[in-house]
1. Would region 290-313 turn up any residue that is within 22 Å of residue 17 (Cα to Cα), of a type in the set (A, V, I, L, M) and surrounded by fewer than 23 Cβ atoms within 10 Å (Cβ to Cβ)?
2. Confirm whether residue 373 is at pLDDT 95 or above, β-branched (Val, Ile, Thr) and closer than 18 Å to residue 5 by Cα.
3. Which members of region 347-379 meet the condition of being surrounded by fewer than 19 Cβ atoms within 10 Å (Cβ to Cβ) and part of a loop (DSSP other than H, G, I, E, B)?
4. Going by the structure shown, is residue 388 out of contact with any Asp or Glu (no Cβ under 8 Å at 6 or more places or on another chain), outside any loop (DSSP other than H, G, I, E, B), crowded, with 21+ Cβ neighbours inside 10 Å and not hydroxyl-bearing (Ser, Thr, Tyr)?
5. Would you confirm, using the coordinates I've provided, whether residue 344 is surrounded by fewer than 22 Cβ atoms within 10 Å (Cβ to Cβ), of a type outside the set (D, E, K, R), without any contact (Cβ under 8 Å) to a residue 40 or more places away in the chain and assigned to a loop (DSSP other than H, G, I, E, B)?
6. What do you reckon, is residue 37 in contact with a His (Cβ under 9 Å, 6 or more places away or on another chain), surrounded by fewer than 19 Cβ atoms within 10 Å (Cβ to Cβ) and either assigned to a helix (DSSP H, G or I) or of a type outside the set (Ser, Thr, Tyr) (or both)?
7. Just to be sure, is residue 316 surrounded by 24 or more Cβ atoms within 10 Å (Cβ to Cβ) and touching a His at 6+ places or on another chain (Cβ under 9 Å)?
Amino acid sequence: MDKLVIRGGNALLGTVRISGAKNAALPCMAAALLTDEPVILENIPQVRDIETTRKLLAAMGAEVELGYGRAHHRTTICARTLASPEASYELVKTMRASTLVLGPLVARCGRAHVSLPGGCAIGARPIDLHIKGLERLGAMITQEHGYVEAITDPLKGDRLQGAEIVFDKITVTGTEDLLMAATLAEGETVMQNCAREPEVADLAALLNAMGAKIQGAGTSTIHVKGVSRLHGARHRIIPDRIEAGTFIVAGALTGGDLNVAGCNPAHLTAILQKLAETGVKTAVKADSVRVMGDQPLKAADLNTEEYPGFPTDMQAQYMALATQAAGTSIITENIFENRFMHAQELVRMGADIKIEGRRAIVRGGTALSAAAVLASDLRASASLVLAALVADGETIIDRVYHLDRGYEHIEEKLKAVGAEIRRVGDIFPKRAAAPART
């Protein structure tokens, strides 16, 4: 199992280029199921969740073609025929985004058989909001043996019907899943209390390019006028705002001078505002953020919120920063109930962190020292990398396959701007088996 070995103490200097957003690419790949014509997606990140989704679409019968050479971040998907509209547990057990194919499959094929999702152990991400919404659109749903079975009603022409959907709770994947389903529903669908994340607006931009009629994506109310069919399109995925935020924190934390290029600063407003409270200096241009870590860090409290608030996917990285800020920071996690598992590993490195339910109390200004630590989820992995960059000595981070789910070649990008980091296989000797008793 791969590990990262990081020797701390180097300031990050130079330019790092941000990849396409995994959380935008995944629903856009699922959207290709809505048409029998080719959908060409550009700026696709080369991460594990993307590869899993490619395999999933291919297993359903879609043709998935990768670009090569300079076009290796391009994927062409043609779901001309979908012989098997199902997502098996074996294919989706490592990621949460499997539910994104539920809406497109039942809208296009009239049925879907989808495994309940796997992925990071950061708390419940219930699928009930997806199911309630699909039922509002006229789908008939059953659940058994870990799978969701959805079919359209033959009495309604085997087609979903437009409806009004009010989400009980803001859900990004639920908004995306039902948005895709509504594009092929008969009549108009009005969705309220929708997620406003940039990834939702990016999906809507692709769907509109495919012939959908969507208004209001990126706001809390979305209107969809259903159409009878969608066609192919070409679309460029937006930059990854979480990767950008992670590198901005890395530059500030290491006292570096780092230009984070190829990002969209408009998607980073809450992150940049909070970092400014901690004393981080940034210079923003149209598609880049320069971070200058030449000022001492100071504590600032944080609450995670739905977009446009501070993203839960940056909470772990902010905690790493807070360990080095003078004073006490109170971090409140409002999105997931089990997203402080990285705190224990940071404590192993010398951090002073106390967990009280959904709050983490971080007393900053403590020197971190190298340790062997364990990554528990995708963003926890990133926080351990950040902490290791400023720790004294050589930190070993295990289970970095979590990191590979969402960060494209992170060790290569860090190495290019001055980090001392390398990827290795098993480096601890395996315990010898006990001799058999006779």
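The values are calculated or read from the model by the stated rules, or taken from the named source; none is laboratory data. From a predicted model like this one, the values you see are computed outputs, not experimental measurements. A quick note on method: Cβ atoms are made from the backbone with ideal geometry, for glycine too, and the neighbour counts reach across all protein chains shown.
1. Yes, some residue in region 290-313 is within 22 Å of residue 17 (Cα to Cα), of a type in the set (A, V, I, L, M) and surrounded by fewer than 23 Cβ atoms within 10 Å (Cβ to Cβ).
2. yes
3. Hits for region 347-379 are 350, 357, 358, 365, 366, 367.
4. yes
5. No, not satisfied.
6. yes
7. In short, yes.
Listed here are the residues, each with its yes/no results for (1) in contact with an Asp or Glu (Cβ under 6 Å, 6 or more places away or on another chain); (2) in the same structural domain as residue 400 (by TED's automatic domain parsing); (3) polar (S, T, N, Q).
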site: 342; (1), (2), (3): no, yes, no
site: 354; (1), (2), (3): no, yes, no
site: 364; (1), (2), (3): no, yes, no
site: 369; (1), (2), (3): yes, yes, yes
site: 374; (1), (2), (3): yes, yes, no
